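Notes to accompany the following structure.
The values are calculated or read from the model by the stated rules, or taken from the named source; none is laboratory data. Remember, predicted model here, so these are calculated numbers, not experimental data. Note: ideal-geometry Cβ built from the backbone for every residue, glycine included; neighbour counts use all protein chains shown. Calculation scope for accessible area: heavy atoms of the full protein, side chains included, ligands and nucleic acids excluded. Shrake-Rupley method; radii C 1.70, N 1.55, O 1.52, S 1.80 Å.
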Amino acid sequence: MKKMVIQDDDTKRKMAFVKGNRPTNSDEVHRKSNSYRVYGQLSPITVAKGEDVLRSGGHLTDLDGKDIPDEQAQNYYAVLDGQHRLQAFKLFDSDMDNIVIMESLNTRVSVMKQIAEMNIRTTVWKGTDYMAGPAMTLKEPNAVFDFAMYLRSKGFPLATISLWCIGKNSLKPSKLIRYIGARNLDETFDNTVWLSRSQKWYEAAEMKFDNTFLAKKYLINHIIDEYHNAEDPTAFTAQMVERINNLTEEQAKEIMNPKKVEDQTREQTTYNLLAKYLG
């Protein structure tokens, strides 16, 4: 049996997050902050030295999500497990010198794989959380994945992200987890032709529909169905952008909040309205 002993850390390092790790949830942060007020800190925050994150292929952000230059990494501890607890501690006590941290016990495993394993075995990852794996380790920029991460930041579920970015619902957690530690993505993320078309539709749709509606699959499913039936995909892309742009405010509201139709589900009514106004 081995026992850990708490001692003061005099390295003067600040706290940071690993860039691309899953975002914190404000409700969970407030719940944990209330716990701190009653019980104090019950378990340490698991960290790694900033330079070790760099050696694993990752990068750092400050606690507000702003990039930290790689050359400053040695001035930071990066949170591997305990992002919510750290943010909650800030609400309870602004003096970060009072927080208890511990470095990971297994330094033989890469920082990125440690984060994935810690999260999967504690608060189970779901859906878009699995995007954190490749986001933390990719070396080469990838436009398709960047768009996926943008939609993730908007709160889109993984299935809808997959449709917008790839054109089919094939982006699954089992695929994303294989990218942890990889420097590059596979051919799934190479379809820049689809990306170019999809981004044009999305940019037009953003001006007409709210984020809650776009996060659902209705619009992109309708577009994909019509796209596959189009004789000229290039012409169809421009036509769909024009049709979306020509939607009136009343039509967009009707699509987002359809009136109940007898013997029809809300989903079917929505698809019927999309067909009516967008062809």
Within the chain: Cβ-based charge dipole about Cα centre, in debye rounded to nearest 20 (Lys, Arg +1; Asp, Glu -1)
840 debye
Regression test value, accessible area per residue of the chain, probe 1.4 Å, units Å², expected 57 Å²
Would you mind checking which residues have amide H under 5 Å from residue 46's amide H? H placed 1.01 Å from N; only 5 or more apart, or other chain.
80, 81, 102
Helix 218-229 vs. the chain, principal-axis angle (Cα, 0 to 90°, nearest 10):
60 degrees
At 1.4 Å probe size, with the rest of the protein present, what percent of the exposed accessible area of the chain is carbon and sulfur atoms?
47 percent
Considering every pair of different Cα atoms, what Kirkwood radius, in Å, is found for segment 196-247?
11.1 Å
When DSSP assigns beta bridges and you keep just the ones with both residues in the chain, what percent turn out antiparallel, to the nearest 5?
55 percent
How much accessible surface does residue 236 have with a 1.4 Å probe, in Å² rounded to 10?
10 Å²
Take the cross-link list 154/276; 172/208; 154/217; 217/276; 154/208 and give me the ones stretching past 20 Å between alpha-carbons.
154/276; 172/208
Read through the labelled values [x] 21.3; [y] 20.5; [z] 19.0 and report the label of the one computed as Kirkwood radius over Cα pairs in Å from the structure.
[x]
Note to self, the chain gives a 222 nm [θ] from helices alone (DSSP H runs n ≥ 4, -39500 (n - 2.57) apiece, / all residues, nearest 500) of -14500 deg cm²/dmol
Can you classify segment 145-275 as rounded, prolate or oblate using the Cα gyration tensor, where a ≥ b ≥ c are the square roots of its eigenvalues, rounded means a/c under 1.5, and otherwise it's prolate if a/b beats b/c and oblate if not?
prolate
Considering only the other residues whose Cβ falls under 10 Å of the Cβ of residue 241, what net charge follows from Lys and Arg at +1 and Asp and Glu at -1?
+1
Considering only protein heavy atoms, with the full assembly of protein chains and a 1.4 angstrom probe, order 9, 70 by accessible area, largest first.
9, 70
How big, on average over all directions, is the shadow cast by the Cα convex hull of segment 205-279, in nm²?
5.0 nm²
Can you flag which of 113/168; 32/90; 19/66; 14/49; 66/113 are past 19 Å Cα-Cα?
113/168; 66/113
